[in-house]
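Novice: Can you read through this structure? Questions will come right after.
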C-alpha cells in the first residue's frame with residue numbers, strides 16, 4: 001500500500017511525523033492531496049489533550065487539522081460532482097444527511113454527531129483530518145475553488161465561513177453598525193464581511209491585531225486597555241449602541257461587554273469557545289432591553305459565498321497569514337501560533 005507522511009497524535013502532547021498508509025475513499029468520498037492546512041485556534045488544545053472530555057479525538061492514534069485546501073486525486077464510488085484535478089477547499093463538518101437537523105440544513109448540529117457509522121464526519125475532531133499529505137473527505141464537505149484563489153487563502157474558507165454564519169444569524173443589514181470583540185482571524189473576517197454588507201464596523205481589541213484590523217478596513221478600532229470599550233462604542237454610535245455584536249474572544253469580559261454594547265432590541269452572536277467553566281451574562285439587560293443572544297456553530301452552507309468574496313477581492317486573507325511552515329515543523333509552528341511569536345496571526349502548514 002502507498003505511504004504518506006502525517007502528524008499522528010498518540011496522546012496528549014504526544015505527536016510526531018509518521019509514515020502511514022494513504023487512506024482510500026469510500027462511497028461518496030474523495031482522496032485529496034492536501035496542499036495547505038491552517039492552524040485553528042482549537043488545534044493547540046486538541047494536541048494538548050484539553051478536549052478529551054468532548055471525545056475530541058474519540059480515540060488515538062489520530063490526525064488533527066481541519067482548515068485545509070488541496071486537489072482531488074481519487075474518487076470513491078458514487079461521487080457525482082467532483083473530478084480528479086479539482087482544486088477544493090475543505091469544510092470541517094459533514095452531517096449524516098438524514099437526521100432532522102441535517103434535513104433542515106443545520107448539519108453542523110447533526111443529531112448523529114460523532115457517529116461515523118451514520119455518515120457523520122467532523123474532520124480533525126472526530127474523524128481524521130488534514131495534517132497529512134493526503135486525506136479522505138466526503139464530497140459534500142469539499143467546495144471547488146475559483147482559479148484566482150490560492151491554496152493558502154482558501155485554508156481560511158472555514159474561518160471566513162464561521163464569521164459569515166455569525167453575521168447571518170444576526171441578520172446584519174446595510175446601514176447598521178456591527179461591533180466585533182476579538183481581532184483574531186475570525187473576528188477580522190467578521191469585520192471585513194460585515195463591511196461588504198454595507199454595515200459600519202467597530203473592532204475591539206488590543207495590540208498588533210488591532211492594528212491589522214485597522215489595515216483590514218475597520219471603520220473604528222477600540223483599544224480596551226485604554227478605555228471602557230462599552231462607553232466608547234456608545235460614543236461612536238451617538239449613545240445608541242451597536243445594532244449587532246459579534247463575540248469572537250471567548251472571555252468573561254468580552255461576552256459581558258458585547259451584550260452591554262448593543263442597542264435595545266440589539267443582536268449578539270457568540271462564536272468563540274471559552275476556556276472558562278462558566279461565564280456570567282447580564283440577564284437583566286438581556287430581558288429589559290430585549291437583546292437577542294445566539295450561539296453560532298461553525299459554517300453551514302456558506303463556503304461558496306466565502307470563496308466568491310475572496311475571488312472578487314471583497315475580503316482579504318493574504319495579510320492575515322503571517323507564517324508558513326513545512327509539515328515536519330509542526331511542533332515549532334504550534335508554538336509560534338500559540339504564543340503569537342513574531343506577531344503570529346494565521347499560521348499555514350504545507351504538507
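Novice: Please tell me if residue 329 is modelled with pLDDT of 95 or more and surrounded by fewer than 23 Cβ atoms within 10 Å (Cβ to Cβ). Don't jump to the end; show me each part of the working.
Specialist: Details: modelled with pLDDT of 95 or more: yes; surrounded by fewer than 23 Cβ atoms within 10 Å (Cβ to Cβ): yes.
Yes, satisfied.
Novice: Filter region 332-351 down to residues that are closer than 20 Å to residue 133 by Cβ and touching a residue at least 40 places away in the same chain (Cβ under 8 Å), then give me how many there are.
Specialist: Let us first name the residues in region 332-351 that are closer than 20 Å to residue 133 by Cβ, namely 332-334, 347-351.
Next cut, touching a residue at least 40 places away in the same chain (Cβ under 8 Å) only: 333-334, 347-351.
Selection size over region 332-351: 7.
Novice: Does residue 8 qualify as being touching a residue at least 60 places away in the same chain (Cβ under 8 Å), crowded, with 19+ Cβ neighbours inside 10 Å and assigned to a strand (DSSP E or B)?
Specialist: Details: touching a residue at least 60 places away in the same chain (Cβ under 8 Å): no; crowded, with 19+ Cβ neighbours inside 10 Å: yes; assigned to a strand (DSSP E or B): yes.
So residue 8 fails the test.
Novice: Only residues that are within 27 Å of residue 113 (Cβ to Cβ) and surrounded by fewer than 22 Cβ atoms within 10 Å (Cβ to Cβ): list them for region 301-314, please. Can you show your working first?
Specialist: Here is the first cut: in region 301-314, the ones within 27 Å of residue 113 (Cβ to Cβ) are 301-307.
Answer for region 301-314, where residues must be within 27 Å of residue 113 (Cβ to Cβ) and surrounded by fewer than 22 Cβ atoms within 10 Å (Cβ to Cβ): 301, 304, 305.
Novice: Considering (1) outside any strand (DSSP E or B); (2) within 10 Å of residue 181 (Cβ to Cβ), say which one residue 245 fails and leave the rest.
Specialist: (1)
Novice: Also: With respect to residue 240, is the statement that it is in a helix (DSSP H, G or I), under 20 Å from residue 174 (Cα atoms) and touching a strand residue (DSSP E or B) at 6+ places or on another chain (Cβ under 7 Å) true? Write out each step before concluding.
Specialist: Details: in a helix (DSSP H, G or I): no; under 20 Å from residue 174 (Cα atoms): yes; touching a strand residue (DSSP E or B) at 6+ places or on another chain (Cβ under 7 Å): yes.
The answer is no for residue 240.
Novice: If I ask for residues that are within 20 Å of residue 27 (Cβ to Cβ) and assigned to a strand (DSSP E or B), which ones from region 105-142 would you list?
Specialist: Result: 121, 122, 123, 127, 134, 135, 136, 137, 138, 142.
Novice: Quick test for you: out of 181, 220, 224, pick the one residue that is farther than 29 Å from residue 350 by Cβ, modelled with pLDDT of 95 or more and under 21 Å from the mean Cα position of the chain (by Cα). Full working, then the answer.
Specialist: Working: 220 fails: under 21 Å from the mean Cα position of the chain (by Cα); 224 fails: under 21 Å from the mean Cα position of the chain (by Cα).
Answer to the check: 181.
Novice: Turning to a different aspect of this structure: Which count do you get for residues in region 144-154 that are surrounded by fewer than 24 Cβ atoms within 10 Å (Cβ to Cβ) and either assigned to a strand (DSSP E or B) or touching a strand residue (DSSP E or B) at 6+ places or on another chain (Cβ under 6 Å) (or both)?
Specialist: From region 144-154, those surrounded by fewer than 24 Cβ atoms within 10 Å (Cβ to Cβ) are 144-152; that's our starting set.
Subset that is either assigned to a strand (DSSP E or B) or touching a strand residue (DSSP E or B) at 6+ places or on another chain (Cβ under 6 Å) (or both): 144-145, 151-152.
The total comes to 4.
Novice: Quickly run through region 56-95 and pick out the residues that are in contact with a strand residue (DSSP E or B) (Cβ under 7 Å, 6 or more places away or on another chain), farther than 26 Å from residue 297 by Cα, touching a residue at least 40 places away in the same chain (Cβ under 8 Å) and part of a loop (DSSP other than H, G, I, E, B).
Specialist: 61, 76, 79, 82, 86
Novice: Mind checking which pairs have a first residue in region 102-119 that is on the phi < 0 side of the Ramachandran plot and free of Cβ contacts under 8 Å to residues at least 60 places away in the same chain and a second that is surrounded by 16 or more Cβ atoms within 10 Å (Cβ to Cβ) and in a helix (DSSP H, G or I), Cβ under 7 Å, 6 or more apart or different chains?
Specialist: Taking only residues 6 or more apart or on different chains, the pairs are 110/101; 110/102; 111/101; 112/118.
Novice: Considering only region 167-230, give the strands (runs of 3 or more DSSP E) lying wholly within it that have at least 3 residues that are within 18 Å of residue 320 (Cα to Cα).
Specialist: Because the criterion is at least 3 residues that are within 18 Å of residue 320 (Cα to Cα), the strands (runs of 3 or more DSSP E) in region 167-230 that meet it are 200-205.
Novice: Out of 342, 278, which single residue is under 30 Å from residue 70 (Cβ atoms) and surrounded by fewer than 19 Cβ atoms within 10 Å (Cβ to Cβ)? It would help to see each step written out before you state the result.
Specialist: Working: 278 fails: under 30 Å from residue 70 (Cβ atoms).
None of the other options fit; the residue is 342.
Novice: Right, here's the next one. When residue 313 is evaluated against the numbered criteria (1) out of contact with any helix residue (DSSP H, G or I) (no Cβ under 7 Å at 6 or more places or on another chain); (2) over 20 Å from residue 65 (Cα atoms); (3) not in a loop (DSSP other than H, G, I, E, B), which criterion, by number, is the only one it fails?
Specialist: Every listed condition holds for residue 313 apart from (3).
Novice: Does region 22-40 contain at least one residue that is assigned to a loop (DSSP other than H, G, I, E, B), at pLDDT 95 or above, under 18 Å from the mean Cα position of the chain (by Cα) and over 23 Å from residue 340 (Cα atoms)? Steps first, answer last, please.
Specialist: Pass one, region 22-40, residues assigned to a loop (DSSP other than H, G, I, E, B): 22-28, 39-40.
Right, trim to at pLDDT 95 or above and you get 22-28, 39-40.
Imposing the further condition that a residue be under 18 Å from the mean Cα position of the chain (by Cα) reduces the set to 39-40.
Narrowing the set further to residues that are over 23 Å from residue 340 (Cα atoms) leaves none.
No, the conditions are met nowhere in region 22-40.
Novice: Run residue 317 past the list (1) closer than 15 Å to residue 209 by Cα; (2) surrounded by fewer than 15 Cβ atoms within 10 Å (Cβ to Cβ) and report the number of the one that doesn't hold.
Specialist: Failed condition: (2).
Novice: Would it be correct to say that residue 271 is buried (at least 19 other Cβ atoms within 10 Å of the Cβ) and closer than 15 Å to residue 229 by Cα? Reasoning before the result, please.
Specialist: Details: buried (at least 19 other Cβ atoms within 10 Å of the Cβ): yes; closer than 15 Å to residue 229 by Cα: no.
When the stated conditions are applied, residue 271 does not pass them.
The values are calculated or read from the model by the stated rules, or taken from the named source; none is laboratory data. Quick caveat, the model's predicted, so the values are computed rather than measured. Using ideal geometry, Cβ is built from the backbone for each residue, glycine included, and neighbour counts are taken over all protein chains shown.
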